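The values are calculated or read from the model by the stated rules, or taken from the named source; none is laboratory data. Predicted model, so just to flag it, every value in this text is computed and none were measured. As a convention, Cβ positions derive from the backbone with ideal geometry for all residues, glycine included, and neighbour counts pool all protein chains shown. Surface accessibility is based on the protein's heavy atoms, side chains included, excluding ligands, DNA and RNA. Shrake-Rupley method; radii C 1.70, N 1.55, O 1.52, S 1.80 Å.
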Amino acid sequence: MRGLIALVLLSLPCIFAATGNVGAYLMLSRKNSSGKVVGLDELTALADHASSLPITRLYLAFFSPTMVYVPNSHTLSTVGPRLSTAADNGYSVVNASIQALQKAGIQVFLSMGGWNYNCYPYFYMRYSVGGYGVSTPNFWKIQQYGGGSVDNCVESNQFCYVCEPESEGTSLDDFSIFPEPGHSSTWQQAKDWVASGASASGAAPIWNEDMIPGSMYTDPKTGISTKVPGSSLYVTQNRDPYQDIVHLAKDLDAYGVDIDYEEFWHADFFKTGAGPWNLTQTVFKWSAIAYDVATNIKAIQPSLRLSTAGGAVGGWQGNWWGGNLKGLWYYAKLWMPFIIDFLTKGDNAGGINAMTYDLSDNTQFHECPTDDPSSCPLDKQVEFYMNAYSASGIAAAVGYEISTPAYPDKTHDPTHQLPLTTQMLSSIVSTTQTKHDSGFIWEIYKSVDSSTHASATQVAQTLCKKLIGTSRCSGSFPKLSATTRNVCSPENCNACEACCKGYMGAQTVCDECVATECQTRNVCSEAPDCNVCPTCCKSYLSRSQSACDECASEECAVPSLLSANPRSKLRPSK
């Protein structure tokens, strides 16, 4: 793969040579409750504890599918989210962290995509959420913000906030699509390759290279023009994002590249048939993207691995009634097996991560695998969907989302959510994970909303012991610094005892409790967040509240902020 890492591989054969993997995603652009981006701080903490993390693979999420990275430029300034105030937007931090992690035997992948970088608000609203009548799971958003009419879902209300809830505070600039870079020679190669295998589907590929991020696009069905989400920089600089992610992975000395493709809107808009429909054109698009990346891997850094995140229903053969990507990877393997084999077999295989979460047991919308209610619990659904991947001949990793899922909406339909409880974790691992050699977590620092839910450390340790069985399996993920966010869930509470309650899992509720019940804690992170004397403004002290408090009481002229108020005594760090 790479000269230096090759030496590391020789010294760590029992880790990097393992058949299975325990993976986890880290959200680089995640913000704390005050709006500060803390993803790089979390990455640094993971790197500092790399030798004891209970995982073997880390996915850095997410890079934009309209990114630009010039080889050897060593900057993340045009790859997607703003991660740092530094001129290189955190490149040096990411680079150093990757080296530390991989030296400790953890494979690091760069993940392109993610939900926001897959969502075209106008098309998702009109043809996914509002494209199948009023009796669909998310149509309530059109009722709430558009008075029940898709025509009232417009730019000013982010097309009825279908991509992200209003409470997230996103703007239309936060979204993107996966583009079709018509000026790229490797994209043209990918199109030709797809065309050569398309005959097996009985359809010809139809490309949409005129749907350019940053430009206006007119819906041919309605005549409505909207701005295509995403950056146009790759066009003006004549670059291919699917090549640039490979260049970036090479310069960062990463282990692989991951494609997180979730363009539901594309499948619903370009579907064919009369119901059940076909998502043939979306199969073609994903296959071309993956082939473009694979072509560049072979040309630029042949040792890189390629992985993809696949929808829970992605391996399931059967009638497709819209609204998801059911069967996309099944048909990709059926019609164009090379690209699935590239992902799952051989020297470049990074695997397929089946996102077996964000599931619902709402039978009104037929959201269980079958009409039999016994198929509705989370463990049964995970087993069903993983069996579908296996039946399709596709090896896939089992997905575990920490705590409360993003779907169904926690305020509109909380009763049909299927959180990952410790009981469900045990059941899934014993009944389904035993048939698959890899698993992965979304997401390491996602908050735990209840004492009955499994934490990221619990999930990782369980998977590690089941699949890997090394000494790292007893390790844990480092706690967030006190400046990151308040946590009120009893298991890993960092607030005062009055707020360490399971029912305070929601961040806003937790923050309100801390503000009213807890006196301000000592903060020993580096400036400008530090609120104690300069002697204690050290990053290593920010990882332990007790160490920070001890330093403040011994070294600072004023007493510890917490010691002045016995009522707001913090729970000890674990």
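Per atom type, the chain shows carbon and sulfur on 52% of its accessible surface, probed at 1.4 Å.
Indicate the gyration tensor shape class of region 354-492 (rounded, prolate or oblate), computed on the Cα atoms with a ≥ b ≥ c the square roots of the eigenvalues: a/c under 1.5 is rounded; otherwise a/b larger than b/c is prolate and the rest oblate. Oblate, because a/c is 1.5 or more while a/b does not exceed b/c.
Each of THR431 and SER52 was given a label point 7 Å from its Cα along the Cα-to-Cβ line. The distance between the two points is 3.6 nm.
Summary of packing: across the peptides 57-65, 413-421, 439-447, the per-residue average of other C-beta atoms within 10 Å ranks them, highest first, as 57-65, 439-447, 413-421.
Normalised by residue count, region 210-321 yields a Cα convex hull volume of 124 Å³ per residue. Within the shell of other residues whose beta carbon sits under 12 angstrom from the beta carbon of GLY311, the net charge comes to -3, with Lys and Arg scored +1 and Asp and Glu -1. Averaging over all projection directions, the Cα-based convex hull of the chain occupies 25.4 nm² in the image plane. Here is the list for region 320-372: trypsin sites (Lys or Arg not before Pro) lying in DSSP coil, each with at most 15 other C-beta atoms within 10 angstrom of its C-beta, are LYS345.
For region 403-427 and region 440-465, write down the distance between their C-alpha centroids in whole Å. Cα centres, region 403-427 to region 440-465: 13 Å. Rounded to the nearest 500, the helix-only mean residue ellipticity at 222 nm of the chain stands at -9000 deg cm²/dmol, with each DSSP H run of n ≥ 4 adding -39,500 (n - 2.57).
Note on SER156 and THR363: the extension gain reaches 71.2 nm, defined as 0.36 nm multiplied by sequence separation minus the Cα-Cα distance. Under the combined filter of DSSP loop state and at most 14 neighbouring Cβ atoms within 10 Å, region 300-388 retains these chymotrypsin sites (Phe, Trp or Tyr not before Pro): TRP321. Subtracting the Cα-Cα distance of SER303 and GLN423 from their residue separation scaled by 0.36 nm leaves 39.2 nm.
Taking 7 Å along the Cα-to-C-beta vector as the label spot, tell me the ASP347-THR535 distance in nanometres, rounded to one decimal. So the two model labels end up 5.8 nm from each other. Across all Cα atoms of region 133-256, the radius of gyration (one decimal) and Dmax (whole number) stand at 18.4, 51 Å.
For region 61-161, the equivalent ellipsoid derived from the alpha-carbon gyration tensor has semi-axes of 39, 15, 11 Å in decreasing order. Applying 0.36 nm per residue to the separation of HIS74 and ASP210 and subtracting their alpha-carbon distance, the gain on full extension is 45.9 nm. The label point for THR222 and the one for THR272, both projected 7 Å from the Cα toward the Cβ, are 2.5 nm apart.
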